[in-house]
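*Asks:* Take a look at the following structure, please.
The values are calculated or read from the model by the stated rules, or taken from the named source; none is laboratory data. Small disclaimer: the values here were computed from a predicted structure and weren't measured. In this analysis, Cβ positions are derived from the backbone assuming ideal geometry, glycine residues included, and neighbour counts consider all displayed protein chains.
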Amino acid sequence: MDPDKKTVLVTGAAGFIGSHLSDALVAKGYNLIGVDNLQTGFLKNLEYAYNFDNFKFIKADVNNFNEISPIFYTFKPNFVYHYSATVGVKRTLEKPSEVLNDIDGIKNILLLSKSTSLEKVLFSSSSEVYGEPVTLPQNESTTPLNSRLPYAVVKNLGEVFLKTYQKEHNLNYTIFRFFNTFGPRQSENFVISKFIKSALKNEPITLYGDGTQTRTFIYIQDNINVTVQAIENSLFNNQTINIGSEKEITVKELAEKIILLTNSKSQITYLPALKEGDMTRRQPNTKLMQELTKNKLTDFEEGLKKTIEYFISH
């Protein structure tokens with residue numbers, strides 16, 4: 001660790017987005033402390049980061065104050081990316097108590113952050129907070145947050161905690177509302193990786209409902225390019241930013257595109273629509289995000305090809 005460099009703590013560092021973020025931060029020279037309980041993350045995701053002397057991984061549960069507090073007081077981070085969370089639609093619907101436990105993690109991070117010389121907390125919220133769309137595109141400041149699912153409620157509560165701590169303790173934050181992000185290392189609990197894995201095995205690709213629900217997808221590297229800028233240039237202090245693409249595609253069209261790109265013999269099958277958690281449309285207003293990066297977003301099909309190549313080789 002270089003004492004002249006700033007230190008960043010990433011919770012959920014062994015997860016999909018957290019590991020790519022860790023790669024970017026260590027490559028930029030930050031002292032990086034990666035924390036994960038490895039419940040849904042994997043150490044193999046951090047193989048690149050382990051090549052750097054400025055990286056240290058600690059297995060710990062951020063929801064347990066006694067495990068996370070020594071890490072704060074030992075390394076005294078300048079920035080914290082709090083990405084640790086229970087994820088996956090099926091998992092969060094079947095085990096809502098695990099989701100509610102994440103409230104402890106949010107409180108622990110903020111209690112420790114206000115007690116140290118932290119510059120900013122960066123929080124991974126979610127497009128789920130918007131619930132069923134009232135207006136499109138979904139805007140950070142004007143679109144109502146109407147989801148009542150535990151995962152979305154906890155993310156919304158996290159946002160409220162951050163705003164409260166800023167007001168009462170002058171603790172700076174940036175909230176990222178992530179829309180669907182995809183790419184290498186993503187677990188098969190998410191739609192694109194799940195479809196790709198089925199297509200590569202020529203297995204049926206299952207859709208819930210009629211497949212006309214729409215989503216937007218942003219490639220992982222675009223997500224990282226934006227979120228790193230929030231500390232590189234001290235941008236968007238105490239603001240909320242949608243992170244995603246505005247280009248919609250139906251789930252059925254997505255399945256068809258993946259079948260085509262993989263030369264798969266998979267057939268599309270249909271199951272009854274989910275009773276909850278499967279919104280008809282999602283589309284972010286990304287005007288603020290575009291101010292964070294001047295780079296053009298990765299073409300969706302190009303991102304799919306890179307992701308397919310990854311799963312073929314892994």
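*Asks:* Pick from the range 124-174 the residues that are touching a residue at least 24 places away in the same chain (Cβ under 8 Å), in a helix (DSSP H, G or I) and polar (S, T, N, Q): which of them is surrounded by the most Cβ atoms within 10 Å (Cβ to Cβ)?
*Replies:* Ser127
*Asks:* Out of the residues in the range 255-277 that are of a type in the set (Gly, Ala, Ser) and under 28 Å from the mean Cα position of the chain (by Cα), which is nearest to Leu149 (Cα to Cα)? Reasoning before the result, please.
*Replies:* Going through the range 255-277, the residues of a type in the set (Gly, Ala, Ser) turn out to be 255, 264, 266, 273, 277.
When the remaining residues are screened for being under 28 Å from the mean Cα position of the chain (by Cα), the result is 255, 273, 277.
Working: Ala255: 26, Ala273: 16, Gly277: 7 Å.
Only one residue tops the list, namely Gly277.
*Asks:* Of all residues being in contact with a helix residue (DSSP H, G or I) (Cβ under 7 Å, 6 or more places away or on another chain) and either β-branched (Val, Ile, Thr) or surrounded by fewer than 21 Cβ atoms within 10 Å (Cβ to Cβ) (or both) in the range 77-101, which is modelled with the lowest pLDDT? Just the residue, please. Before you say what the answer is, go through the steps one by one.
*Replies:* Of the range 77-101, the ones in contact with a helix residue (DSSP H, G or I) (Cβ under 7 Å, 6 or more places away or on another chain) are 79-86, 92, 96, 99-100.
From what is left, the residues that are either β-branched (Val, Ile, Thr) or surrounded by fewer than 21 Cβ atoms within 10 Å (Cβ to Cβ) (or both) are 80, 86, 92, 96, 99-100.
Values: Val80: 98, Thr86: 83, Thr92: 69, Pro96: 78, Val99: 87, Leu100: 90.
Among those residues, the one meeting the criterion is Thr92.
*Asks:* Can you work out which of the residues in the range 280-292 that are in contact (Cβ under 8 Å) with a residue 60 or more places away in the chain and more than 18 Å from the chain's Cα centre (by Cα) is surrounded by the most Cβ atoms within 10 Å (Cβ to Cβ)?
*Replies:* Checking each candidate, the answer is Arg281.
*Asks:* Let me ask something else. For Ile312, work out the one condition from (1) surrounded by fewer than 16 Cβ atoms within 10 Å (Cβ to Cβ); (2) in a loop (DSSP other than H, G, I, E, B); (3) touching a helix residue (DSSP H, G or I) at 6+ places or on another chain (Cβ under 7 Å) it doesn't fulfil.
*Replies:* (2)
*Asks:* Another question, then. Here are some conditions: (1) small (Gly, Ala, Ser); (2) modelled with pLDDT of 95 or more; (3) touching a strand residue (DSSP E or B) at 6+ places or on another chain (Cβ under 8 Å). Gly209 meets all but one. Which one does it not meet?
*Replies:* Of (1) small (Gly, Ala, Ser); (2) modelled with pLDDT of 95 or more; (3) touching a strand residue (DSSP E or B) at 6+ places or on another chain (Cβ under 8 Å), only one is false for Gly209: (2).
*Asks:* Additional query: Find the residue count for the range 24-47, including only residues that are surrounded by fewer than 21 Cβ atoms within 10 Å (Cβ to Cβ) and under 19 Å from the mean Cα position of the chain (by Cα). Walk me through it before giving the result.
*Replies:* From the range 24-47, those surrounded by fewer than 21 Cβ atoms within 10 Å (Cβ to Cβ) are 24, 27-29, 37-40, 42-44, 47; that's our starting set.
Within this subset, residues satisfying the condition of being under 19 Å from the mean Cα position of the chain (by Cα) are 24, 37-40, 42-44.
Within the range 24-47, residues that are surrounded by fewer than 21 Cβ atoms within 10 Å (Cβ to Cβ) and under 19 Å from the mean Cα position of the chain (by Cα) number 8.
*Asks:* Which one is farthest from Ser245 (Cα to Cα), of the residues in the range 185-221 that are part of a helix (DSSP H, G or I) and among the charged types (D, E, K, R)?
*Replies:* The residue in question is Lys197.
*Asks:* State whether the residues of the range 91-102 include one that is in contact (Cβ under 8 Å) with a residue 12 or more places away in the chain, among the basic types (Lys, Arg) and part of a helix (DSSP H, G or I).
*Replies:* The answer is yes; a qualifying residue exists.
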